[in-house]
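A short write-up of the structure that comes next.
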Number of protein chains: 2
Amino acid sequence: MFSEKKIAVLRVRALIIDAARCWLNQNGYVEVQGPIILPAIGDQPASFEVKYFDKKGYLTQGLQPYAHSFVSNLGKVFTIAPAFRSEKMRTRRHLTEYWRIQVAQQCRFDDIIKVQEKLITHVCQILSANAADALHLLNISTDALRVKTPFPILTYDAAIELLQRDGFGVWWGQNFDWGMENHISLSFGQPFFITRFPVNAETYFHRSDPEKPELSLSADVLAPQGYGEIGSSGEIITEKEALSQKMIEENIDVAGQRWYLRHMECNSSPQSGFALGLERLIQWICRLADVKEAVAFPRVYDSDLL
Amino acid sequence: MFSEKKIAVLRVRALIIDAARCWLNQNGYVEVQGPIILPAIGDQPASFEVKYFDKKGYLTQGLQPYAHSFVSNLGKVFTIAPAFRSEKMRTRRHLTEYWRIQVAQQCRFDDIIKVQEKLITHVCQILSANAADALHLLNISTDALRVKTPFPILTYDAAIELLQRDGFGVWWGQNFDWGMENHISLSFGQPFFITRFPVNAETYFHRSDPEKPELSLSADVLAPQGYGEIGSSGEIITEKEALSQKMIEENIDVAGQRWYLRHMECNSSPQSGFALGLERLIQWICRLADVKEAVAFPRVYDSDLL
């Protein structure tokens, strides 16, 4: 049998999904499903290989590049679906198999982070109102879920300054490791953004800031109190040639590019999107020490499939 | 760009999912997610192999055996999630990757088919009320979705008689091939059940009818007008020893059994469940010639991953 705590977490999990989906449906987003088995992107996909008849496939890491086709054809879209990562990470924050709330629409970067903060705020409000019993069992007061918009925004540059001031040996251009992310997150009392990461530290499909081309129009959203990153967002490159150029810079082979770029033919309106890691959101909301506790049958590196 | 028809189908798809989920939430079902990467069940799993670090995994074919743990701990549950099948089928009815609406709860066989027919009926009603535009684009009148409960029930024995009468060379104990399924389905004007299949023609985890042990407490639900099977249901064996015995009869090796049986420890109350193939439900509702048309980026045998 599951513990009383696990049952409460799984009930909160169901309420979070329902709250997110209701908000998205009510705000005109169409629910879509991308494929799970994908061709390879690049030489060493960070996901698991699948024996797909006589071909190699890879388990999806998210809705790209299909998000682009969906947005061009259906407008504002979202998906709640499994995604996979095969990094050999032994932490309390990494699942190899997780669920992802992903949103995509035609809009600019500044607008997509507004959507993301509204969605998170709505989920917290609904839980405060409807999940009092389960939260009480987890020793969480509904006050702990009080969240205000707009979320605080820390630029990447300001985050670097903060870390250097506090004695971290970090230089501009570097990605934050867990210690740094944790440290920054401890100084906030509610979810917040870190924005405008250096282009080289970000996924290749993010657009550069036209005013400062060394920065990308991307953000991480972090949970406070030491929980750290729960999602990311950004404006996407929609011009085929610019994207192809970025893929060459990332050493993605021509075959991988060709498949990917096929999905980018529809239009070149601005497009942005975000993803939330469902289990990390649950980990913060339920104040769980390990992300494994956010899922009934967790899949992590170095443990058996059970 | 997608065709106008494809866009209409994808909008109907989103409405079907939403209608099903709302009904399940309103009727006290808790939404759950089982794992996607599973250990092997038996020697030749009918699903795709995944290179999971240094282990072999297989993509899920449905919520068993996890459904059992979920029901024991959470009561009535459902999931809407991807599932996989690796048969080399070139038909207009088989996807290798499809989405599955699956329900499980503590109840007897006769009660679970009542739940299944209520859910299908609700989905059809909501579509008639809310999807008139998309259905009109697909040349479907809302009358075509008029469904009455209780659904007609044809026993397997009666289906055999019907087929023999109509000249099919079929004997008792055989599974129906597509020609037979299609023929039976053409004589109905709304969804209906075929119940009580021979034990040997069914999945090993279904319970036998106590009054006629050669029959299993299982059913297929079929769409009318030649569309055929869209889902199945049944009462599950919950006693560990009886299930182990059935697994031995099906030549499932001890290692595969051990993992599976671990999930059956919680209780032995009666348990039943059903699954609906989302794309097959869409294929019937949208009157599509090929199930591929029910999904944005279909995965079928013998086609490239795109």
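Numbers below:
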item	result
Span from the the stretch A:249-275 Cα centroid across to the the stretch A:280-294 one, whole angstrom	33
Chymotrypsin sites (Phe, Trp or Tyr not before Pro) restricted to DSSP loop in the stretch B:129-211 with at most 13 other C-beta within 10 Å	B:171, B:172
Hull shadow area, averaged, the stretch A:4-294 [alpha-carbon convex hull, nm²]	15.6
Cleavage-rule hits, GluC sites (Glu not before Pro), the stretch A:194-236, DSSP coil, Cβ neighbours within 10 Å at most 14	A:211, A:214
From phi via Karplus (6.51, -1.76, 1.60), per-residue ³J(HN,Hα) for the stretch B:164-171 in Hz, x at Gly/Pro	5, 4, 8, x, 7, x, 10, 10
Value of Rg/Rh across the protein assembly as shown [Cα atoms, Kirkwood radius]	0.97
Antiparallel bridge percentage (DSSP; both residues within the protein assembly as shown; nearest 5)	90
Per-residue average of Cβ from other chains inside 10 Å of A:23-34	4
For residues of B:117-124, the mean tally of beta carbons on other chains within 10 Å	0
Net charge of neighbours whose Cβ lies under 13 Å from the Cβ of residue B:204, counting Lys and Arg as +1 and Asp and Glu as -1	-1
The stretch A:86-143 and the stretch B:55-80: distance between their alpha carbon centers, rounded to Å	23
For the stretch A:190-203, 3J(HN,Hα) per residue [Karplus equation, 6.51 cos²θ - 1.76 cosθ + 1.60, θ = phi - 60°, Hz, x = Gly/Pro]	7, x, 8, 9, 10, 10, 6, 6, x, 3, 6, 8, 10, 4
Folded to 0 to 90 degrees: helix A:109-130 orientation relative to chain A principal axis, Cα	30
For the stretch A:72-86, Karplus couplings with θ = phi - 60° (6.51, -1.76, 1.60), whole Hz, Gly/Pro x	4, 9, 10, x, 6, 10, 8, 9, 10, 7, x, 9, 9, 8, 10
Check: the protein assembly as shown dipole with +1 on Lys, Arg Cβ and -1 on Asp, Glu Cβ, in debye	680
Closest Cβ on chain A to the rotation axis that carries it onto B (distance rounded to whole Å)	A:50, 3
Exam field: residue B:46 pseudo-label spacings to other copies (7 Å along Cα-Cβ), nanometres	3.7
Long-range amide H partners of residue A:253 with built H, under 5 Å	A:42, A:43
Dipole in debye (nearest 20) - chain B, about Cα centre, beta carbon charges: Lys, Arg +1; Asp, Glu -1	780
Under 22 Å from the Cα of residue B:51 - lysines, other chains or at least 8 residues apart	A:51, A:55, A:56, A:88, A:292, B:88
Chain B: angle of helix B:4-26 to the longest principal axis, Cα-based, in degrees nearest 10	50
DSSP-assigned coil residues among GluC sites (Glu not before Pro) in the stretch B:1-104, each with at most 15 further Cβ atoms within 10 Å	B:87
Peptide-level mean, for B:50-59, of C-beta atoms on other protein chains within 10 Å	6
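A short reminder: the numbers here are calculations on the coordinates, not readings from a lab. Keep in mind it's a predicted model, so treat the numbers as computed, not measured. Neighbour counts are summed over all protein chains in view; Cβ atoms, including those assigned to glycine, are modelled from backbone coordinates with ideal geometry.
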